[in-house]
Amino acid sequence: MNDTSTTPAATSLTVVYMLAALLERLEASRMPVDAAQHQLVAARLAQALADVPTGPQLTAILETHPAAAEVYENTHYHHAGLCRSPLDAALAAELGASAAIAQARQRPTEGTTHGKN
């Protein structure tokens, strides 16, 4: 007898993979995407991620599908915070934003006169 059944974990990973790929295509689409469709895919992915075991297969899916990684991070925030966000990139972005704000504060705005009424 051939056993063609798959484990629930393998089925869950397959569903996560398919939804992750679909969400990635929606995110990268140059054509307008229906917001309700995008929300539905993201919500179904979040549900599927809740049922899938962590491990190297899930890690591989999340590394190749950034939109799915963001959904995973958002749904698991209460346990691990921003566990998938690269700290170096986040720190560099924060430092860059702080520098840009400081530089903008030093520049006088056009049309203002300093010391004249």
TODO: Output the relative contact order of region 14-79, whole-number percent, from Cα pairs under 8 angstrom with separation of 6+ residues.
DONE: 43
Task: HIS65, HIS76, ranked by accessible area, largest first (probe 1.4 Å) - done: HIS76, HIS65
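The values are calculated or read from the model by the stated rules, or taken from the named source; none is laboratory data. Given the structure is predicted, the values throughout are model-derived calculations rather than measurements. The area values use the complete protein model at the heavy-atom level, side chains included, leaving out ligands, DNA and RNA. Shrake-Rupley method; radii C 1.70, N 1.55, O 1.52, S 1.80 Å.
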